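Take a look at the structure set out below.
The values are calculated or read from the model by the stated rules, or taken from the named source; none is laboratory data. The model shown is predicted, which means the values in this text are computed figures rather than measured ones. We place every Cβ from the backbone using ideal geometry, glycine too, and count neighbours over all the protein chains shown. For accessibility, only protein heavy atoms count, side chains too; no ligands or nucleic acids. Shrake-Rupley method; radii C 1.70, N 1.55, O 1.52, S 1.80 Å.
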Amino acid sequence: MSDSFNTYESDFQLALQEAKTKISQVESVQGEQRQSYLKAIEAATDEALEALDQMGIEVQNLPTTQRSSYNTKIRQYKSQIDEAKAKYKKLSDSQDRHELFGSRYRDEDGGAGGLNGVSDSQRKQLLNNQSSLERSSQRLQDSQRIALETESIGGNILNDLRSQREQIGGARNTLMQADTYVDRSIQTLKKLHITFITKDGQQYTYEVAEGDNILDIAQAHNLDMEGACGGSCACSTCHVIVDPEFYDEIPEPSDDENDMLDLAFGLTETSRLGCQVKMSKELDGIRVALPAMTRNLQNKDFN
Ligand code: FES
C-alpha cells in the first residue's frame, strides 16, 4: 500500500482517538468548557471522516484484486466514526436543551427526561393552545363538511340545469314543428285569388286566404287604398268597383255600408267597400278596380 494511505490512516486514528477522549471527558465539565469540548469532538470527527474519504480514494487506485482487505478495514473505521458521531449528536442535543430550558431540563440518562419546573401559568398556556388547536381543527372539519355539501348542491343544480336545457331543447323542437304546420296551413289556406286593377290600368293578382278582406289584402301589397277608418265602415276610402261577374256572389251590403257608399266618389252599381268584403270560395278569382278621382269606373273597365 502507498505511503499516502498509511499517512491518512494515521491521521484518522489520531482524530478518532481525540474524539473518543473528549467524549469521555465532556460529561465532567460544564458551561463554556463543555461547549469547547463539543466543538473539539465535532472537529475531530470531521477530520477523521476526511481522512477516511482519502483512504477510500487511495484504495480505488489499487488493482481490484488488492482492494478487498483495505475495504474491510475502511468499513470498520467507518463504523467506529459513526459511533463517535452518534455520541456527539446526543451530547450536542442535550447541550441545546440545557441552553433552552436551563435547570428545568434533565437528560434522559439522568432520570425521567423532559421539562421540569414548568409553572402553572405555562401549563395553562399550553392547555389553552391545545384547546385553540382543537377548535381550529373542528372549524376546518366544519368547513370541509360545508364544502362537500356545497359541492353536492352545485351538482344537483347542474343536473337541474341540464334537465331544463333538455326540456327547452324539446320545446324548441316542438315549436319548430308547429311552425312548419302553421306554414303548411297558411299554404293550404292561401288558395284563393284576387286581381286588383289600379287607377293606371295595371293588374295585380295575389294568392290569399279565405276570410281576408279586400282592404287588408290591398294594404298588405301596398296598393293605393287608404282605409281611413281602419275598416270600421265609417268612411268610403276603401271603395272598390267589383267585376259584375262576382258582384252577386258577395253577401248583401249592410245599411251602414250603403250609407257610406252613397258618399263615395265615382259610385257604380257594383261598388262595395273593400273592408266589408271577405274572400270566400265563391269569390275565388274575383277582380276589383280602384276608382280614380277623375274617372268614373263603369262595368266596361273590366273588359
Ligand atoms: S275603411 Fe272606412 S269604410 Fe272601409
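Every residue, every condition in (1) without any contact (Cβ under 8 Å) to a residue 40 or more places away in the chain; (2) assigned to a helix (DSSP H, G or I); (3) in contact with a Gly (Cβ under 6 Å, 6 or more places away or on another chain), yes or no:
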{"residue": "Glu18", "(1), (2), (3)": "yes, yes, no"}
{"residue": "Thr21", "(1), (2), (3)": "yes, yes, no"}
{"residue": "Ser24", "(1), (2), (3)": "yes, yes, no"}
{"residue": "Ser28", "(1), (2), (3)": "yes, no, no"}
{"residue": "Asp46", "(1), (2), (3)": "yes, yes, no"}
{"residue": "Leu52", "(1), (2), (3)": "no, yes, no"}
{"residue": "Thr65", "(1), (2), (3)": "yes, yes, no"}
{"residue": "Tyr70", "(1), (2), (3)": "no, yes, no"}
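Each residue in the range 264-274 was checked for being part of a loop (DSSP other than H, G, I, E, B) and within 14 Å of the ligand (Cβ to nearest atom), and 3 pass.
Suppose we filter Asp142, Asp179, Asp224 for residues that are at pLDDT 90 or above and acidic (Asp, Glu); which single one remains?
Asp224
Restricted to the range 246-271, and to residues that are at pLDDT 95 or above and of a type in the set (Gly, Ala, Ser), which residue is most open to solvent (accessible area, probe 1.4 Å)? Taking the candidates together, the pick is Ser254.
On the stretch given as the range 237-263, residues that are farther than 17 Å from Arg287 by Cβ, assigned to a loop (DSSP other than H, G, I, E, B) and in contact with a Cys (Cβ under 9 Å, 6 or more places away or on another chain) total 3. Considering (1) surrounded by 15 or more Cβ atoms within 10 Å (Cβ to Cβ); (2) free of Cβ contacts under 8 Å to residues at least 12 places away in the same chain; (3) charged (D, E, K, R), the lone condition that Asp243 does not fulfil carries the number (2).
Determine whether Leu161 is within 18 Å of Val277 (Cα to Cα) and open to solvent by less than 100 Å² (accessible area, probe 1.4 Å). Full working, then the answer.
Numbers: within 18 Å of Val277 (Cα to Cα): no; open to solvent by less than 100 Å² (accessible area, probe 1.4 Å): yes.
Criteria not met by Leu161.
Of the residues that sit in the range 212-233 and are near the ligand (Cβ under 6 Å from one of its atoms) and part of a loop (DSSP other than H, G, I, E, B), which one is surrounded by the fewest Cβ atoms within 10 Å (Cβ to Cβ)? Among residues in the range 212-233 that are near the ligand (Cβ under 6 Å from one of its atoms) and part of a loop (DSSP other than H, G, I, E, B), the one surrounded by the fewest Cβ atoms within 10 Å (Cβ to Cβ) is Ala228.
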